[in-house]
Amino acid sequence: MKDLVVYLAGEIHSDWREELKQKVEAKDLPFVFVSPQTEHDLSDNIGEIVLGEQPGPYYKDRAASDINNFRTQVLMNKADIVIALFDEKYSQWNTAMDATTAINRNKPLIIVRPPQAIHALKELSTKANVTVETIDHAVEVLAYIFK
C-alpha cells in the first residue's frame, strides 16, 4: 500500500503536528502529512508577497485568504484522511471550516477535541468518522488502519 496522505487541520501556534508526526514515525506507519500554512506571518502576508501592497487591511486579508484557501483546497483534495484538532486556547474558525470541508468532500475525518468542547462541537463531532480527546488516540486510530 502506498503512503496515505493526512491533512492536519487545526491551530498553528503549538507543536501538535510535530508531536503527532513523531508518534506516527515511532510506529513506522506509512503516512505523509500536509497542513495549512503553519508560518503565521507568511500566512497573513502571502497576498501582499504575491500581489504587492494592498489598499487596506480588508484587501490584505482578502488576498491572503484567497491564496491560503487555494493551498488548502489543493492539499485537502490530495488527502486520504483529515485530522482536525480543536484545543482550549485558540480560536477555531479555520479548523471548523476545514473539518466541514472534509465532511462535504467525503474525506475520512478524525476530530481531536478536549472534553470541554463536547457541547460546542457536538454537531461537527457526529458528522466526523471518529472523535477522540487526545493526539495519542488519533495515532491509534491511524495505526488501526494497518492492523
Beta bridge orientation in the chain: antiparallel %, DSSP, nearest 5: 0 percent
Under-5 Å amide H pairs with GLY10, H placed in peptide plane, nonlocal only: LEU85
Sequence of MET97, MET76 when ordered by accessible area, the most exposed leading, probe 1.4 angstrom: MET97, MET76
Rg to Rh quotient for the chain, alpha carbon positions, Kirkwood Rh: 0.99
Label zone at LEU42, where the point sits 7 Å out along the Cα-to-Cβ direction: the stretch 9-33 residues whose backbone N lies under 17 Å: 9-18, 33
Between the stretch 100-147 and the stretch 1-44, the alpha-carbon center distance in angstrom: 15 Å
Simple label model, 7 Å out from Cα along Cβ direction - LYS147 to LYS2, nm: 2.7 nm
Computed label-point distance, nm, for sites GLU18 and LYS127 using a 7 Å Cα→Cβ extension: 3.3 nm
Cα-Cα over 21 Å, subset of LYS2/LYS147; LYS78/LYS147; LYS89/LYS122: LYS78/LYS147
Cα shape, the stretch 89-147, gyration tensor, a/c 1.5 rule: oblate
In degrees, nearest ten, helix 135-144 long axis to first principal axis of the chain (Cα): 60 degrees
Cβ-Cβ FRET estimate between LEU51 and ARG105, R0 fixed at 30 Å, reported to 0.05: 0.60
Of ALA79, GLY10, SER43, farthest towards positive along the dipole that unit charges on Lys, Arg, Asp, Glu beta carbons give the chain: ALA79
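The values are calculated or read from the model by the stated rules, or taken from the named source; none is laboratory data. Keep in mind that this is a model prediction, so the values were computed, not measured. FYI the Cβ positions are ideal-geometry reconstructions off the backbone, even for glycines, and counts take in every protein chain you see. Keep in mind that these areas ignore ligands, DNA and RNA; they rest on the heavy atoms of the full protein, side chains included. Shrake-Rupley method; radii C 1.70, N 1.55, O 1.52, S 1.80 Å.
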